[in-house]
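Enquirer: Pasting a structure here, questions to come.
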Amino acid sequence: MISTSNVSLGYGKRTLFEDVTIKFTPGNCYGLIGANGAGKSTFLKILSGEIDPNTGTVDIPSKMRLAVLKQNHYEYDEFPVLQTVIMGHKRLWDIMNEKDAIYAKEDFNEDDGMRASELEAEFADMEGWNAEYEAGELLSGLGIQPDMHYTLMKDLGGNEKIRVLLAQALFGNPDILLLDEPTNHLDAESIMWLENFLDNFQNTVIVVSHDRHFLDAVCTHVADIDYGKIQLYAGNYSFWYESSQLATKQRTDANRKTEDKRKELQAFIARFSANASKSKQATSRAKLLEKLTLEDIRPSSRKYPYIQFKQEREAGNQLLQVDNLTKNGEDGILFKDVTFTVDKKDKIALISRNDLAATTFFKIIMGEATPDKGEYKWGTTISTAYFPKDNNEFFDTDLTLVDWLRQFSVEKDESFIRGFLGRMLFSGEESLKKARVLSGGEKVRCMLSRMMLQSGNMLVLDEPTNHLDLESITALNNGLKDFQGSLLFSSHDLQFVDTVANRIIEITPSGIIDKRMTYDEYLTNDDIKALRAQMYGVNSLV
């Protein structure tokens, strides 16, 4: 268990937390959510002791071990991968080193023997003999294959280092586990493995993530940072989101009777209890949800951008034909002989274990790169709107946001531009900010605004959920679900892909896999699993 008492933290005139008293109990996984800048990562640092609050205390029972997902990807560069994971259990690692030092002594004496005996007993109590096996299993589950387990950390790529540090945090069954964006740079299989790991984890987990599918799969509770306080809710992210929307709706509906509102709440709770996908979570939620009252669900202060894509004209029957496209990268083939046809109403998720493959493919069909072989042809009725993964060149300017967006709008009137920006959460003086000083998330919202003004009937989006907060991801997700044209897109957000795409095309080293189905169906179909393993040249995918 970990708890806080009257924790407050502020910087200058800005208050992040004020008198936060909260308790996180074993057997539960808490999703810590809040708007960008609300202090989610900061609160995890307070819990871990990395940051001291201005007032208040954090209480962790003395015998409990806390593990944190490290963010310094260079801290362990001189250590082998397997050792780096075991170092996540500091006491076990210290015992192993002290034992080795004693046994290596040339003048081994009786006192050394007594100390070694004590260490061996403690080592056995910690099941230290299983340490390397457990560390290896964690690494393999996260996609770090056995031939890399004795490689130095400095010889790994950035994404591989992140996976090793995640294995380090999970190692040794910590009593309290703090995870800040653990799914970043994980592929779908590794995320599913992590979901299963945490679902079976019996201790306390507190996690910050922008992956809604992940939060829904693992969380028994949501800890919502709002108005400088943290409010606990039973249930996962979807339950919190829909309950806050219901609360907002009910609060504004002054004419409805209280009894009608209670019935609506009861029906809402019953639906979520019935649809809970995990048995452990379903039991936990059902007990807690039954106790909810109208007063327990509260409207959120969160604001959602208004994202709606409209096509200026409907596409004809010929959209996009791709024939034998091939492209080589610095490290070998990116894709080979890619051939497919886009049909009307297709919403295609282009996925690959190599992000560069999808990005390069998009650049080619948008005329920003040339293939080594093959060709593509757009239909004559097609008008495209493109969201590139790297958008920095668009913001290398001193234009204000109003003038920046005006470049892409047929309607030049300032009131129209300001109104459009306001719907995308740039209101008042924010619309006069210089384009070059925007944050990553603000740039994405600007690029989406540009796309909406283009009114294309074919949208091409390369990782549009990067840098967005949960509210903006939700708004974009809904906007693309409602879009009446066709899509080609990539994303690591499982829920985003699963709820938008009706067709999956995966680029593999051996060609493409093209299936008309949802992403969840694609990932769980046994025949497709076997096919994918064959295409990647492995026995199985993690």
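The values are calculated or read from the model by the stated rules, or taken from the named source; none is laboratory data. Note that the structure is predicted; figures quoted are calculated from it, not measured. Glycine gets a Cβ as well: all are built from the backbone with ideal geometry, and neighbour counts include every protein chain shown. Keep in mind that these areas ignore ligands, DNA and RNA; they rest on the heavy atoms of the full protein, side chains included. Shrake-Rupley method; radii C 1.70, N 1.55, O 1.52, S 1.80 Å.
Enquirer: Are there any helices (runs of 4 or more DSSP H) wholly within the stretch 319-424 with 3 or more residues that are closer than 23 Å to residue 185 by Cα, and if so which?
Expert: It comes to 355-365.
Enquirer: Which condition does residue 163 not pass, out of (1) touching a residue at least 40 places away in the same chain (Cβ under 8 Å); (2) open to solvent by less than 40 Å² (accessible area, probe 1.4 Å); (3) assigned to a helix (DSSP H, G or I), if it passes all the others?
Expert: (1)
Enquirer: For the stretch 372-410, enumerate the residues that are small (Gly, Ala, Ser) and open to solvent by 30 Å² or more (accessible area, probe 1.4 Å).
Expert: 374, 383
Enquirer: Say whether the condition of being in contact (Cβ under 8 Å) with a residue 60 or more places away in the chain and in contact with a helix residue (DSSP H, G or I) (Cβ under 8 Å, 6 or more places away or on another chain) is met by at least one residue in the stretch 354-371.
Expert: No, every residue in the stretch 354-371 fails to be in contact (Cβ under 8 Å) with a residue 60 or more places away in the chain and in contact with a helix residue (DSSP H, G or I) (Cβ under 8 Å, 6 or more places away or on another chain).
Enquirer: Identify, by number, the condition in (1) at pLDDT 95 or above; (2) under 15 Å from residue 80 (Cβ atoms) that residue 160 doesn't meet.
Expert: Residue 160 satisfies every listed condition except (1).
Enquirer: Step by step: first the residues of the stretch 440-486, then only those that are assigned to a helix (DSSP H, G or I) and farther than 29 Å from residue 32 by Cβ, then the one that is most open to solvent (accessible area, probe 1.4 Å). Which residue is that?
Expert: Taking the candidates together, the pick is 482.
Enquirer: Is one or more of the residues making up the stretch 131-138 touching a Phe, Trp or Tyr at 6+ places or on another chain (Cβ under 7 Å), over 19 Å from residue 96 (Cα atoms) and modelled with pLDDT of 90 or more? Before you say what the answer is, go through the steps one by one.
Expert: Going through the stretch 131-138, the residues touching a Phe, Trp or Tyr at 6+ places or on another chain (Cβ under 7 Å) turn out to be 134-135, 138.
Subset that is over 19 Å from residue 96 (Cα atoms): 138.
Now restrict to residues that are modelled with pLDDT of 90 or more: 138.
Yes, the stretch 131-138 has at least one match.
Enquirer: Hey, among the residues in the stretch 118-158 that are open to solvent by 70 Å² or more (accessible area, probe 1.4 Å) and polar (S, T, N, Q), which one's nearest to residue 196 (Cα to Cα)?
Expert: Within the stretch 118-158, the match that is nearest to residue 196 (Cα to Cα) is 145.
Enquirer: Could you grab me the full set of residues in the stretch 350-371 that are open to solvent by 50 Å² or more (accessible area, probe 1.4 Å), within 17 Å of residue 464 (Cα to Cα) and among the small types (Gly, Ala, Ser)?
Expert: The answer is none; no residue qualifies.
Enquirer: Across the stretch 54-77, which residue is most open to solvent (accessible area, probe 1.4 Å) among those that are touching a strand residue (DSSP E or B) at 6+ places or on another chain (Cβ under 9 Å) and charged (D, E, K, R)?
Expert: If we take residues in the stretch 54-77 being touching a strand residue (DSSP E or B) at 6+ places or on another chain (Cβ under 9 Å) and charged (D, E, K, R), then 59 is most open to solvent (accessible area, probe 1.4 Å).
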